[in-house]
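Report on one structure; see the data block that follows.
Bear in mind that the values in this text are calculations on the coordinates, not laboratory data. The model shown is predicted, which means the values in this text are computed figures rather than measured ones. All Cβ positions, glycine included, derive from the backbone under ideal geometry; neighbour counts span all protein chains shown.
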Amino acid sequence: MTIYSHIKKSIVESERLLAVLIDPDKTELDTIEGIVTKINQSIATHIFVGGSEVDEGVTEVIVQAIKRYTTLPVILFPGDVTQITDEADGILFLSLISGRNPDYLIGKHVESVSKLAKTQLEVLPTGYILIENGKQTAVERVSNTSPLSRSNKQHIVDTAKAGALLGMQLIYLEAGSGATHPIEPEIISAVKNILNIPLIVGGGIRSKTELEAAYKAGADLVVIGTAFETNQLFFEQLKL
Ligand code: 1GP
């Protein structure tokens, strides 16, 4: 079964999906075995690998190590073309549709084609929507784009709908890694109401309550990075 059909099947069966985000830039190679062992014992269903700024070659080595210790699907969540590696199972082919920088709407994608052609990666076209959160995020800085205002819900909904109409297979609502607040449940549910494709939500989720709130509002797959990085007990707390 493909990664995408598994995500869709999980939604039909009301299974909640959770991706742990590993940023190769912040992760030492010799800690991977311990991290992945904890992920295997947790409720996580996917591992995402990526970061806004990662040195060339580092992602490949980290993904190789992750794959050694898990059978969970490993999906690239790349900040740049240099993070593409055939060692993973799939790739979020992200179009930053909240921004107006052509490089992140189509430019990087064209650049990546010859690299992707040499891989077996499952490509998942994803409309990536950055929502303002009170502080500047790495995505904002690196992509040189502005996030959408969280007070203009209709604009966020219309952006997600436009992504779906363009043929995206997934929509990802992003508050930014380490965001002060997660995306508000009202925004998640407003977007979910108009979508018939899976909805990913991430950024700033640090507690089981916030995780549950995101699912309740309509998130199909939640992404958590910082909470796992800063609190190893977070894995255990999610089971309680
Ligand atoms: C960032 O959505 C992800 O791209 C995860 O964010 O690190 O805040 O969990 P956190």
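Quick query: amide H of residue 148 versus all other amide H atoms, modeled in the peptide plane; which residues come in under 5 Å with a sequence gap of 5 or more or a different chain?
Result for residue 148 returns 130, 131, 132.
Give the relative contact order (percent, whole number) for the chain; include only Cα pairs under 8 Å separated by 6+ residues.
Relative contact order comes out at 17 percent.
How are the alpha carbon pair distances in the stretch 3-237 distributed across 5 Å bins from zero to the largest one, expressed in percent?
Reading upward from the zero bin: 1, 7, 15, 20, 22, 19, 11, 5, 1, 0.
In nm, give the distance between the simple-model label positions of residue 212 and residue 6, each being 7 Å from the Cα along the Cα-to-Cβ direction.
Here the modelled spin labels are 2.7 nm apart.
Quick check on the stretch 1-124: take the gyration tensor over C-alpha atoms, sort the square-rooted eigenvalues as a ≥ b ≥ c, and tell me if it's rounded (a/c under 1.5), prolate or oblate.
Since a/c reaches 1.5 but b/c is at least a/b, the shape of the stretch 1-124 is classed as oblate.
What distance in nm lies between label points placed 7 Å from Cα along the C-beta direction at residue 155 and residue 181?
Roughly 1.7 nm, to one decimal.
Under the 0.36 nm per residue contour assumption, what length would be gained going from the current alpha-carbon distance of residue 105 and residue 122 to full extension?
4.2 nm
Just to check, using Stokes-Einstein with a Kirkwood Rh over alpha carbon pairs, what's the diffusion coefficient of the stretch 153-225 at 4 °C and 1.567 mPa s in µm²/s?
The diffusion coefficient I find is 107 µm²/s.
Of the DSSP beta bridges with both residues in the chain, give the percent that are antiparallel, rounding to the nearest 5.
0
From the residues 21, 188, 50, which one has its Cα farthest along the dipole of the chain in the positive direction, the dipole being from +1 and -1 charges on Cβ of Lys/Arg and Asp/Glu about the Cα centre?
The residue sitting most towards the positive pole is 188.
Under the rule that an exposed site lies in a DSSP loop and has at most 10 other Cβ atoms within 10 Å, name the longest stretch of the chain with no GluC sites (Glu not before Pro) of that kind, not counting the sites themselves.
Answer - 57-240.
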